[in-house]
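Novice: Before we start, here is the structure in question, set down as structure tokens.
Read the figures in this text as sums done on the coordinates, not as results from a lab. Everything numeric in this text was worked out from a predicted model, so none of it was measured. As a convention, Cβ positions derive from the backbone with ideal geometry for all residues, glycine included, and neighbour counts pool all protein chains shown.
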Amino acid sequence: MSDLFDFSRRHDEYAVMGNPIAHSKSPRIHTLFAEQTGEAVHYEAIQVDPGGFSQAVGNFEASGGKGLNITVPFKQEAWELVNERSERAERAGAVNTIKFVDGKLIGDNTDGIGLVNDLTNNRIAVKGGRVLLMGAGGAARGVLAPLLAQQPAQLVIGNRTAEKAKQLAEEFSNLGQVEGCGYDALEGKQFDLVINATAASLQGELPPLPDSVLADGACCYDMMYGAEPTAFMQWASRHGAAKVLDGLGMLVEQAAESFYIWRGVRPEDKVGDRKATQRNDFVASTLEINAEDAKAQRTQSKKIIFGIYTNTDRLEPL
Ligand code: ATR
């Protein structure tokens with residue numbers, strides 16, 4: 001009997017917890033992953049009140065839940081709550097993925113690998129490049145170790161509060177060549193990749209970058225995503241960036257990694273009868289168009305699939 005008609009088939013329960021959560025794209029993404037891989041997964045969004053996080057996690061586990069994604073503002077609380085942490089979660093100081101194993105909460109963080117995978121999908125090389133990471137808060141911390149693992153020639157953390165950038169760089173200095181500074185110290189320097197991990201986009205603002213900071217052929221990446229290009233993305237286009245990307249691909253990639261942690265199956269490994277190596281194939285399979293077209297239409301496709309242009313005009317953090 002095919003799974004489709006097997007009504008006794010039970011689904012494993014997963015959810016994302018955060019506040020606010022109504023606009024989360026995660027239920028849509030994981031439902032598509034489940035359909036694509038044939039995994040018996042049900043995934044919902046749960047809004048949690050401040051102060052109620054650990055109880056909400058306990059209730060979810062007690063009701064038979066198998067795993068959780070955690071988003072703003074509970075990632076640090078999740079880090080404290082879990083019984084064990086992966087090395088990357090330990091480093092990130094934040095947990096965005098929990099798996100329940102034999103009564104234990106195992107915490108992981110897939111944000112950084114999500115960014116690196118999306119850069120790879122878009123053929124943006126970090127290895128050997130000069131990388132500027134803007135911001136020194138939780139979002140920047142979460143991606144630092146995976147970025148350094150790619151061995152950039154140089155990684156500079158630029159931040160409004162220079163001291164915070166310097167401290168963060170110091171903390172990660174055993175993983176590679178990394179330094180921190182304020183934006184004024186970037187005058188005269190050039191970078192091949194500029195990543196915005198600040199919260200500035202949420203307020204429609206732009207970090208005060210010197211005009212000449214982009215090298216020839218530079219790429220710009222905003223970890224936020226939304227209906228319209230962010231202020232940083234608009235700045236990047238005006239200043240001649242060769243590629244300008246938002247954080248939607250990162251959102252999909254971090255979700256894929258969480259799905260793998262829970263299910264042991266990578267969503268892109270099974271698309272119809274063939275192995276897919278690119279997320280473009282996932283996009284293609286969902287839209288029923290061929291992979292070449294999907295590549296060309298990638299940005300637009302993502303926005304259609306995840307309803308970015310249809311159900312929200314807000315900017316979203318991961
Ligand atoms: P998150 O978890 O999203 O990283 P956070 O830990 O509060 O949030 O950090 C926010 C980051 O965005 C910080 O690096 C902050 O700079 P400061 O450390 O100087 O406060 C940066 N940020 C927020 N608003 C900004 C703006 N309008 N311009 C530039 N940087 C901004």
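Novice: Quickly rank 67-78, 45-56 as a protection proxy: mean count of other C-beta atoms within 10 Å, highest first. Don't jump to the answer; show the numbers that get you there.
Specialist: Numbers: 67-78: 22.3, 45-56: 14.5.
Answer by packing, highest mean first, reads 67-78, 45-56.
Novice: Could you quote the convex hull projected area for segment 68-137, Cα atoms only and averaged over all directions, in nm²?
Specialist: Values: hull surface 23.1 nm².
Taking the Cα atoms of segment 68-137, their convex hull projects to 5.8 nm² on average.
Novice: Highest mean first, how do 174-186, 104-116 rank when packing is the count of other Cβ atoms within 10 Å averaged over residues?
Specialist: Values: 174-186: 16.5, 104-116: 23.9.
Highest mean packing first, the order is 104-116, 174-186.
Novice: Continuing with the same structure: What's the whole-number percent of alpha carbon pairs in segment 113-188 lying beyond 19 angstrom?
Specialist: Working: 858 of 2850 pairs.
When every Cα pair of segment 113-188 is considered, 30 percent fall beyond 19 Å.
Novice: Karplus couplings for segment 103-108 from phi (6.51 cos²θ - 1.76 cosθ + 1.60, θ = phi - 60°), rounded to Hz, Gly and Pro as x?
Specialist: x, 10, 9, 9, x, 9
Novice: Exposure proxy check: Met224, Met17, Met250 ranked by fewest other beta carbons within 10 Å? Before the final figure, lay out the partial values.
Specialist: Values: Met224 25, Met17 22, Met250 29.
So the ranking, lowest neighbour count to highest, is Met17, Met224, Met250.
Novice: For q values of 0.24 Å⁻¹, compute log₁₀ I(q)/I(0) with the Debye formula on a Cα-only model of segment 178-274, without solvent.
Specialist: Values, matching the q order: -1.22.
Novice: Once you have the alpha carbon radius of gyration of segment 43-85, what is it after dividing by 2.2 N^0.38 Å, with N set to its residue count? Don't skip to the end; give the middle numbers.
Specialist: Numbers: Rg = 10.0 Å, N = 43, 2.2 N^0.38 = 9.2 Å.
In units of the 2.2 N^0.38 Å rule of thumb, it is 1.09.
Novice: So what J values fall out for segment 178-193 if you push phi through Karplus, 6.51 cos²θ - 1.76 cosθ + 1.60 with θ = phi - 60°, rounded to Hz, Gly and Pro as x?
Specialist: Per-residue couplings from phi come out as 9, 9, x, 6, x, 5, 5, 6, 8, 3, x, 9, 10, 9, 8, 9 Hz.
Novice: Quick one: which residues, 5+ away or cross-chain, put their amide H under 5 Å from the amide H of Gly182? H built at 1.01 Å from N.
Specialist: Result for Gly182 returns Asn159.
Novice: Given a cut-off of 23 Å, name the pairs among Lys127/Lys189; Lys75/Lys243; Lys25/Lys166 whose C-alpha atoms lie farther apart than that in the structure shown.
Specialist: Working: Lys127/Lys189 18 Å; Lys75/Lys243 30 Å; Lys25/Lys166 34 Å.
Beyond 23 Å between Cα atoms: Lys75/Lys243; Lys25/Lys166.
Novice: Around Asn96, under 9 Å between beta carbons, what's the net of Lys plus Arg minus Asp minus Glu among the other residues?
Specialist: Numbers: positive: Lys75; negative: Asp108, Asp111.
Taking every Cβ under 9 Å from that of Asn96, the sum is -1.
Novice: Would you kindly work out the equivalent ellipsoid of segment 113-248 from its C-alpha gyration tensor and give its semi-axes, the square roots of five times the eigenvalues, largest first in whole Å? Please list the in-between numbers first.
Specialist: Numbers: eigenvalues 76, 56, 44 Å².
The equivalent ellipsoid of segment 113-248 has semi-axes of 19, 17, 15 Å.
Novice: With a ≥ b ≥ c the root eigenvalues of the C-alpha gyration tensor of segment 1-128, is it rounded (a/c under 1.5), prolate (a/b larger than b/c) or oblate?
Specialist: On the way: a/c = 1.75, a/b = 1.12, b/c = 1.56.
Taking the square roots of the gyration eigenvalues as a ≥ b ≥ c, segment 1-128 is oblate.
Novice: With only Lys, Arg, Asp and Glu charged, each at its Cβ (+1 for the first two, -1 for the last two), find how big the charge dipole of segment 155-253 is about the Cα centre; round to the nearest 20 debye. Show your work: numbers first, answer last.
Specialist: Numbers: 6 positive and 14 negative charges, 10 e Å.
Dipole size: approximately 60 debye.
Novice: Compute the distance from the alpha-carbon center of segment 187-258 to that of segment 40-86, in whole Å.
Specialist: Value for the Cα centre distance between the two parts: 30 Å.
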